[in-house]
Amino acid sequence: MKFAVIRFGGSNCDSDVHHVLNDLLGVSADLVWYKDSIEGYDGVVIPGGFSYGDYLRAGAIAARTPIMNSVKRLADNGKPVIGICNGFQILAEAGLLPGALRTNEYPKFCCKWVNLRVENTDTAFTSGFKEGEIVRMPVAHKEGNFFADDAALQDMNSRHQIVFRYVDPDGNTADYANPNGSVENIAGIVNGSGNVLGMMPHPERASESILGSDDGRRIFESMVEYAEQG
Amino acid sequence: MRYCAEITIQLKQGMLDPEGETIQRALTHLGYAVKSAHAAKRLLIELEADDTDDATGMVDEMCRKMLANPVIHNYSIVIR
């Protein structure tokens, strides 16, 4: 079982993900430079950061690099692919996930802990959660304001593609609990097959209780379990 | 022939534009009766093409493939 953590110029959460997978979960994960190959890997993590300085749009340039064709092939073969923060922006820009991430409603970098409600546990990344469970993870972004038009949203809802929503501590999708203005308080979504997840919150920063929460760890554990089942 | 393409990429109408709104508020504070302000990105690209149509076609393809995000953007192209 081998996972690739893809590094672009400007990725900065790569080492954190690498630490969680290798040191906490005890699986083998490599940091893979975007010019190298991901052939033979059982899953891919696209970590957060500011790839290509967020030039043009956050994630736009990284989404057009050749390695993303390999990521698409891997996803088409049913392997798990998770994009966190900038990784989510890259997956959306690359067309692996629907929608787009706009500048936050209050157009500043937003770094805080948020509550998330788990909406779908039938994905490669959420089998370790209970449906409706409230979990805590931090966000840290300026372009996390998820948008999809009404038709796309309806489609995503009917196919249970919305995996996490920003909620208040009681689990309500209140406006004040939404850190960036995302439509329908959307924090994370999957593709139709449930093996590609994009999320703005950082599970790797919430994978050890000493950091304030270890809820995020279950996302990686679920991913490993899914990959092991092949 | 060498052509210069001027591309303007803008959020679709009705799309939240916090930068534009902030600029509008600041202009209002300065005493201007500004009804609206919208931020846009302008790109200047020099390219070789057979003629204006060829250049327009290529730049339009660039916009669809990368320069604009069709989910949230409109774009316009002027070729000189």
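The values are calculated or read from the model by the stated rules, or taken from the named source; none is laboratory data. It should be emphasised that the depicted structure is a prediction, and the values quoted were computed from it without experimental measurement. No Cβ is skipped: glycine too gets one built from the backbone with ideal geometry, and neighbour counts run over all protein chains shown. Surface accessibility is based on the protein's heavy atoms, side chains included, excluding ligands, DNA and RNA. Shrake-Rupley method; radii C 1.70, N 1.55, O 1.52, S 1.80 Å.
Points worth noting:
- For A:F146, the conditions (1) open to solvent by 80 Å² or more (accessible area, probe 1.4 Å); (2) within 14 Å of chain B (Cβ to nearest Cβ) are fulfilled apart from (1).
- Scanning region A:100-139 for residues that are acidic (D, E) and either within 14 Å of chain B (Cβ to nearest Cβ) or under 17 Å from the mean Cα position of the chain (by Cα) (or both) yields a total of 3.
- Scope region B:57-79; condition more than 15 Å from A:A94 (Cα to Cα) and either away from chain A (no Cβ under 13 Å) or exposed (fewer than 15 other Cβ atoms within 10 Å of the Cβ) (or both); matching residues: B:G57, B:M58, B:V59, B:D60, B:E61, B:N74, B:S76, B:I77, B:V78, B:I79
- Test result for A:D175, open to solvent by 10 Å² or more (accessible area, probe 1.4 Å), under 29 Å from A:D23 (Cβ atoms) and touching a helix residue (DSSP H, G or I) at 6+ places or on another chain (Cβ under 9 Å): no
- Subset of region A:63-85 that is in a helix (DSSP H, G or I) and within 14 Å of another protein chain (Cβ to nearest Cβ) - its residue that is surrounded by the fewest Cβ atoms within 10 Å (Cβ to Cβ): A:N69
- Of all residues in region A:86-123 being among the aliphatic types (A, V, I, L, M) and under 12 Å from A:N178 (Cα atoms), the one that is surrounded by the fewest Cβ atoms within 10 Å (Cβ to Cβ): A:V114
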